[in-house]
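Notes follow the structure.
Just so it is clear, none of the values below were taken in a lab; they were calculated from the coordinates. A quick note: this is a predicted structure, and the numbers were derived from the prediction, not measured. Here the Cβ is made from the backbone with ideal geometry for all residues, glycine too, and neighbour counts use every protein chain on show.
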Amino acid sequence: MTRITELPTTEYVLPGNRACAGCGIGIALRAITKALDGKMVMTVPASCLTVLGGMYPTSSVNVPWINVAFPSTAAAAAGAAAGLRAMGKADDMTVLAMAGDGGTGDIGIQALSGAAERNDDFIYLCYDNEAYMNTGTQRSGLTPHGARTTTTWAGKRENPKDLPRIMEAHNIPYVASTSAAYPTDVYDKVLKARDIRGLRYIHMNTPCPSGWSFDPKDTVRLGKLAVDCGIVVLYEVEGGVFHLTGRSAALAKAGKPLTPVAEYVATQGRFKSMTAESIAEVQSWVDERWTGYLERERTGK
Amino acid sequence: MTTRVITGNEAAAIAAKLARVQVIAAYPITPQSPVVETLSAWVESGELPAEFVTVESEHSALTVCITASTVGARVFTATSANGLAYMNEQVWWAAGARLPIVMCIANRAMAAPWNVLNDQQDSMSERDAGWVQLYCRDNQEILDTTVQAYRIAERLNVPVMVCYDGFLLSHTVMPVDVPSAEQIDAFLPPRTDPLQLVDANDPRNIGPVTLADPRTDADGVARPGYMEFRALHHGALLEALEVIPEVDAEYASAVGRACGGLTWEYQLGDADVGLVAAGSLTTQLTLAVESLRAEGVRVGVLGIRAYRPFPAAELRSRLAGKRLAVVFDKALSYGYEGPIAADLKAALHSAEKPPVVFGCICGLGGRDVSPKDLAGAARRAIADADAGVRERKPDWINVRPEGGAR
């Protein structure tokens, strides 16, 4: 595992951008672009990432970046990959599709599923900040149970869909779950994905101070807490073989109980209308999933 | 050059191959499907060295073309009706991103209710999206126009729709002269000089948020705002009024055959009534003209090849001195009238002694329109004009009372 001091020093995310203070995307994007050494072309739909990228004629990133329509991120990456291949330039750059949870799991899932079934040659990275943050915090299919959004004022009633599992079901060569709070984990997974051909899917939990209602200084702390609670689990599925990575692997190895979900819930304004009962519901959902992950870790399946 | 008896869809596929397209993406829809089935077979056999992306929807088909074109490839897709409507967001994107994409449209009626047969409502509904739209009157024009479309698109950095009537042309065989690869290579060089640059050594942020007003870049140079980009795009479409006939002339020198540039006419010179339409209907109209002329009625055909940009000046000039223009639309702006009729009226507004313009709606959902029907509609229009009528609701050709319509 790469240590933070070992990350390349070249920066592709320029100083100063339009992302909110404490945005998890900014932390991760530095690691992602370093892993690809800037030899990449991104497809980016309407999202927080568009805002981070800057307004014409200025840009906050030093890599080729194609803005695309909301539902089209994966198909756009497929097109860029096909175009580069047709022109004999496919070896020069990695195609990276990068979209939020709504852009991936809701409006973008059709194009993504098509590209995954075809095993098109690009990395798809979903930064999951758990709602439509760029449009003002509306619920998405990946918003967690209990979270208040501007379309679920009393708290969302449903659990989020498990996108990495959906992607696994496409039998693509690489699926990973990571967190923006662990930039070296992000770096290592993108680095590994870079050298695999076909569709590689990376799901990245991305704390959002404005949408989740917490102090911007706590982005990394909350991202790590989510992992400690088992709400976010770091893992890889390589060629169909499952294994936990980083902090999640360490937690599994230690065999101690996870941090209670209630501690995580208490840190964010979005959960303030949750009752003890609904927190208990989420806790049992998390426990059940964690048991499942431990079983997968044991069997590798 | 060899002569082959082929469908319109085969003519489109052959044209894409002759254009040496590098990336093809398409989703099946009747009556377009045979175009991409044919191309897919050629890509599989190695006869056409291109990437073929079998996307899961039309939205993704045009998306793949958009980004493949952005990185510099020559791309092709084709669709019809609801497929085009499903692409709508990307139709605008392709144009706004100024990409030289060529898309064939086998024109088909829009649902609901389902109907797979021909009219032109699908592409006419996209007229404002910033694409060049060319309509073909026969299979030869489908081949020639599709090849020409790449020249036009790549000269102006605008996408081009090549529209041809579903089934009437897409599935009907006709003799078509197929140019040799050498002839087309001489006419259409490989795509160079893309507007956008995708290069890790010179990175660009392509198509970011753009405000209404110009802003200065890091070097202090003022760059266009959204509205300036729109004005530039409009300028390119207006420039197409010059480029389309130029490209047609270049094609004529390379291949020995032209399509008529923006518009063309048949026996219109001495006529005092012009029959106006786009697509295969114009071929029908030439037959209607034969029978009307036999009765001593001086009519001619004015065929519209370029619908966008709209060749207003050329139409004014071709209709100068006529007393009546009868427009046959296979599409409708509901609550108003046929799109060509409406546009022609606007174009003639500034003419000295403009002709009266009467519109007709015909052929919706594949309703058969014979030359006899067209001649009948022309006679009714002439009678109305003779009676001093200057404004009239569209004449719905062959709408039958027993069907509940009046």
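So which of B:225, B:261 ends up being closer than 29 Å to residue B:322 by Cα and touching a strand residue (DSSP E or B) at 6+ places or on another chain (Cβ under 8 Å)?
B:261
Given B:256, B:260, B:235, which one is surrounded by fewer than 23 Cβ atoms within 10 Å (Cβ to Cβ) and free of Cβ contacts under 8 Å to residues at least 12 places away in the same chain? Don't jump to the end; show me each part of the working.
Values: B:256 fails: free of Cβ contacts under 8 Å to residues at least 12 places away in the same chain; B:260 fails: free of Cβ contacts under 8 Å to residues at least 12 places away in the same chain.
Going through B:256, B:260, B:235 in turn, just one is surrounded by fewer than 23 Cβ atoms within 10 Å (Cβ to Cβ) and free of Cβ contacts under 8 Å to residues at least 12 places away in the same chain: B:235.
Which of the residues spanning segment B:316-345 are in a helix (DSSP H, G or I), in contact with a Gly (Cβ under 9 Å, 6 or more places away or on another chain) and not small (Gly, Ala, Ser)? Spell out the reasoning first.
If we filter segment B:316-345 for residues that are in a helix (DSSP H, G or I), which is where we start, we get B:316-318, B:339-345.
Next, from what is left, pick out any that are in contact with a Gly (Cβ under 9 Å, 6 or more places away or on another chain): B:318, B:340-342, B:344-345.
Matches in segment B:316-345: B:318, B:340, B:344, B:345.
Can you name the residue in segment B:38-54 that is over 22 Å from the mean Cα position of the chain (by Cα), part of a helix (DSSP H, G or I) and not polar (S, T, N, Q) and is also nearest to the other protein chains (Cβ to nearest Cβ) among such residues?
Checking each candidate, the answer is B:43.
If the requirement is being in contact (Cβ under 8 Å) with a residue 60 or more places away in the chain, in contact with a Cys (Cβ under 8 Å, 6 or more places away or on another chain) and not aromatic (Phe, Trp, Tyr), which of these qualifies: A:216, A:260? Walk me through how you get there before you give the answer.
On the way: A:260 fails: in contact (Cβ under 8 Å) with a residue 60 or more places away in the chain.
After applying the criteria, what remains is A:216.
For segment B:70-92, what are the residues that are facing chain A (nearest Cβ under 7 Å) and either in a helix (DSSP H, G or I) or without any contact (Cβ under 8 Å) to a residue 24 or more places away in the chain (or both)?
Of everything in segment B:70-92, those that are facing chain A (nearest Cβ under 7 Å) and either in a helix (DSSP H, G or I) or without any contact (Cβ under 8 Å) to a residue 24 or more places away in the chain (or both) turn out to be B:70, B:89, B:90.
If you check B:100, B:175, B:189, which single one turns out to be closer than 30 Å to residue B:231 by Cβ, out of contact with any Leu (no Cβ under 8 Å at 6 or more places or on another chain) and of a type outside the set (D, E, K, R)?
Step by step, each of B:100, B:175, B:189 is checked, and only B:189 is closer than 30 Å to residue B:231 by Cβ, out of contact with any Leu (no Cβ under 8 Å at 6 or more places or on another chain) and of a type outside the set (D, E, K, R).
So residue B:309 ticks every box in (1) farther than 25 Å from residue B:153 by Cα; (2) buried (at least 16 other Cβ atoms within 10 Å of the Cβ); (3) not polar (S, T, N, Q) but one. Which box is left unticked?
Answer for residue B:309: the failing condition is (1).
Hand me the list of helices (runs of 4 or more DSSP H) wholly inside segment A:42-145 holding 1 or more residues that are surrounded by fewer than 24 Cβ atoms within 10 Å (Cβ to Cβ) and touching a residue at least 40 places away in the same chain (Cβ under 8 Å). So that I can check it myself, show each step before the final result.
Working: elements: A:48-53, A:73-86, A:109-118.
Output list reads A:48-53, A:109-118.
Tally time: how many residues in segment A:147-162 are within 20 Å of the chain's Cα centre (by Cα), in a loop (DSSP other than H, G, I, E, B) and closer than 14 Å to residue A:270 by Cα?
So the count comes out to 1.
Would you pick out the residues in segment B:55-69 that are more than 21 Å from residue B:198 (Cβ to Cβ) and within 7 Å of chain A (Cβ to nearest Cβ)?
Correct list: B:56, B:57, B:59.
Identify the residue in segment B:275-315 that is assigned to a helix (DSSP H, G or I) and of a type in the set (Gly, Ala, Ser) and, among all such residues, is nearest to the chain's Cα centre (by Cα). Talk me through it step by step, then tell me what you get.
Initial filter on segment B:275-315 (assigned to a helix (DSSP H, G or I)): B:281-294, B:312-315.
If we keep only those that are of a type in the set (Gly, Ala, Ser) as well, we get B:288, B:291, B:294, B:312-313.
Details: B:288: 23, B:291: 28, B:294: 32, B:312: 16, B:313: 18 Å.
Residue satisfying both the conditions and the ranking: B:312.
What do you reckon, is residue A:33 of a type in the set (S, T, N, Q), touching a residue at least 12 places away in the same chain (Cβ under 8 Å) and either more than 9 Å from every other protein chain (Cβ to nearest Cβ) or surrounded by fewer than 24 Cβ atoms within 10 Å (Cβ to Cβ) (or both)?
The answer is yes for residue A:33.
Condition check ((1) in contact with a Phe, Trp or Tyr (Cβ under 6 Å, 6 or more places away or on another chain); (2) within 18 Å of residue B:279 (Cβ to Cβ); (3) outside any helix (DSSP H, G or I)) across all residues:
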{"site": "B:143", "(1), (2), (3)": "no, yes, no"}
{"site": "B:148", "(1), (2), (3)": "yes, yes, no"}
{"site": "B:158", "(1), (2), (3)": "no, no, yes"}
{"site": "B:164", "(1), (2), (3)": "no, yes, yes"}
{"site": "B:172", "(1), (2), (3)": "no, yes, yes"}
{"site": "B:176", "(1), (2), (3)": "no, yes, yes"}
{"site": "B:190", "(1), (2), (3)": "no, no, yes"}
{"site": "B:198", "(1), (2), (3)": "no, no, yes"}
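Given the conditions (1) within 11 Å of chain B (Cβ to nearest Cβ); (2) within 17 Å of the chain's Cα centre (by Cα); (3) among the charged types (D, E, K, R), which single one is not true for residue A:85?
Evaluating residue A:85 over (1) within 11 Å of chain B (Cβ to nearest Cβ); (2) within 17 Å of the chain's Cα centre (by Cα); (3) among the charged types (D, E, K, R) leaves (2) as the failure.
Can you name every residue in segment B:154-167 that is over 13 Å from the mean Cα position of the chain (by Cα) and among the aliphatic types (A, V, I, L, M)?
Result: B:156, B:158.
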